[in-house]
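Engineer: Please read through the structure below; I'll follow up with questions.
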Amino acid sequence: MKKWKINSGQKWHLNGSLVKHCYLLLSAGAAISLLFSSCGGDDDTIAPKPRGYYRIDFPEKKYVLFDSACPFTFEIPAYSNVEPDRNARAEPCWINLNFPKFQGTLHLSYKPVNNNIQSYLEDTYTLASKHQIKASGIEEQLVAKDSDKVYGLIYQIKGNAASSVQFFLTDSVNHFIRGALYFNAVPNTDSIAPVVEFIEKDIEHMITTFRWKDVKLSGNLPKAVHKKQ
């Protein structure tokens, strides 16, 4: 190994250069360390945050009676409004129950029964079943109010289906009405679940207070409505 010889005059000159060089290295190291510490250590790991949704302020539950020239009455929420269905294919007593605050509409379509109730039941089942493609499941709830001759089924459609709730009501002799809840938004079960749950209670109240105006006590519950226990 080659040895370097230096005199005393050169010694101070070389040591000064070393000190200056070390100082620059230490300064650069400190700057790099500060840079990395500002980016966060193990305790400040950056991770994607879950998607948030706007907080929804729900109104107080209040109901008013809906009555018209149609052969039925029921109570509706005070924060909703009723208007005739203006679709070109709409028939008399087809109405829309609007929930403006939630951009939702409950479409109600009435049909008189003339020995054709079986076809209405099959159509209702078909329309509800169309949502199985997007739905994670469909639950059925039986409606049977013998004193008022109000019978039917409520379909609670889970998942990202276009319609969250559908149902039908009938006296099995003269009247049939079908309901379907839709929202003016892209189906997203995470964002609309609280609203669906809120409006479901309104639909249940509507069905509980539902009455036919000229109910006849004759007639039996349609076979398609019966459910096995």
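Engineer: Wholly within the range 95-174, which strands (runs of 3 or more DSSP E) include no fewer than the required count, namely at least 1 residues that are modelled with pLDDT of 95 or more and of a type in the set (Gly, Ala, Ser)?
Structural biologist: 104-112, 135-145, 150-159
Engineer: Looking at Asn96, Asn160, Asn87, which one is loosely packed, with under 13 Cβ neighbours inside 10 Å and on the phi < 0 side of the Ramachandran plot?
Structural biologist: Step by step, each of Asn96, Asn160, Asn87 is checked, and only Asn87 is loosely packed, with under 13 Cβ neighbours inside 10 Å and on the phi < 0 side of the Ramachandran plot.
The values are calculated or read from the model by the stated rules, or taken from the named source; none is laboratory data. Remember, predicted model here, so these are calculated numbers, not experimental data. Backbone-built Cβ (ideal geometry, glycine too); neighbour counts: all protein chains shown.
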